[in-house]
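**Q** Sending over a structure as structure tokens; questions will come in a sec.
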Amino acid sequence: MAVALAQHEVHVWYCLTRDPPWSEVLARYLALLAPDERARHDRFLFDKDRRQFLLARVLLRTLLSCYGACPPEAWTFAHSAHGKPRLAEPGSLSDLQFNHSHADHLVACAFARGDPVGIDVESADREVDERIAGYFLSAAERSQFDRLAAEERRRFLLQRWTLKEAYAKARGLGLSLPFAQVTCCYDKPGAPHLALDAELADDPARWQMWQWLVEGEHWLALAWARGADVPVRVHVRRIVPPVEAWERDALAADARGTGC
């Protein structure tokens, strides 16, 4: 039985690269990759990078098979002009929206119905070149940033970077988004939202945004174009692929008990 995903739900699944028993699953993971994915995997010089890439692809493939009746290795993908992935042959999953992200030992996927969804993650202790503030912060954000103590600046930049990236990925724009035309607002605790310049031709009221510090190690941001006033339930779960058919009922039950 497939994991159910209601119209008002977003499912977020994540895994740390230290979670899988690599000696037991490596060969199985590699067998799930398409030839182009295997070629990309093999080009990485360092084992940590190969594992992160491999886990990201396997997590996405096995989770897709939780929502649709297709083996993980059989999914094929197409990409937008700016790199956003979609199912090349969606079949019964034509309304399924998904996005994935990985950074510094964490991989994550988001799934929703109908409306575009985007997800982004970054390590909370990542070193940040403060010069990026000059091109990716809006004027209002830059004014806030310039008043911060040095130890607060990294958190400020990473929170806004992940939130803007999630929005850009949901829109399918990636790094082509003019980030300085987006302002992240945190005036409501636990419910960040966006202010958008008119040049972006988008209504911020159509977006819902979320952000968490996952496992105390990574910032995770989520954007869904479902409408700011529409009741939504977000389910977040840590998982280790592969996901066997017999586990799906338990995952669905777990998801419904892990709302945010």
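**Q** May I ask for the distance between the Cα centers of the range 95-117 and the range 193-239, given as a whole number of Å?
**A** Rounded to whole Å, the Cα centres lie 12 Å apart.
**Q** So how exposed is Arg28, as accessible area in Å² (1.4 Å probe, rounded to 10)?
**A** Approximately 120 Å² for this residue.
**Q** Express in % the proportion of alpha carbon pairs of the range 52-116 at distances exceeding 19 Å.
**A** Of all Cα-Cα distances in the range 52-116, 27 percent exceed 19 Å.
**Q** I want to check the label-to-label distance for Glu215 and Leu26. Put each point 7 Å from Cα in the C-beta direction and report it in nm to one decimal.
**A** 2.0 nm
**Q** Here's a follow-up. Quick check: residue separation of Phe145 and Ser94 times 0.36 nm, minus the Cα distance between them. What number comes out in nm?
**A** 14.1 nm
**Q** Calculate I(q)/I(0) for the range 78-141 by the Debye formula, one identical point scatterer on each C-alpha and no solvent, and give its log10 at q = 0.13, 0.15, 0.19 Å⁻¹ to two decimals.
**A** After summing over all Cα pairs, the log10 values are -0.55, -0.69, -0.90.
**Q** Taking Cα atoms, how many degrees apart are the long axis of helix 22-31 and the longest axis of the chain, rounded to 10 and kept between 0 and 90?
**A** Helix 22-31 and the main axis of the chain meet at about 80 degrees.
**Q** For the chain, what size does the Cα cloud have along each of its three principal axes, sorted from largest down, in whole Å?
**A** Cα spread of the chain along its principal axes, largest to smallest: 52, 42, 35 Å.
**Q** Computed from the mean reciprocal separation of all distinct C-alpha pairs, what Kirkwood hydrodynamic radius does the range 40-189 have, in Å?
**A** Evaluated on the range 40-189, it is 17.2 Å.
**Q** Students often forget the sequence filter, so: which lysines lie under 18 Å Cα-Cα from Lys48 once same-chain residues fewer than 8 apart are removed?
**A** none
The values are calculated or read from the model by the stated rules, or taken from the named source; none is laboratory data. Small disclaimer: the values here were computed from a predicted structure and weren't measured. Neighbour counts are summed over all protein chains in view; Cβ atoms, including those assigned to glycine, are modelled from backbone coordinates with ideal geometry. Just so you know, the surface numbers come from the protein's heavy atoms only, side chains and all, with ligands and any DNA or RNA stripped out. Shrake-Rupley method; radii C 1.70, N 1.55, O 1.52, S 1.80 Å.
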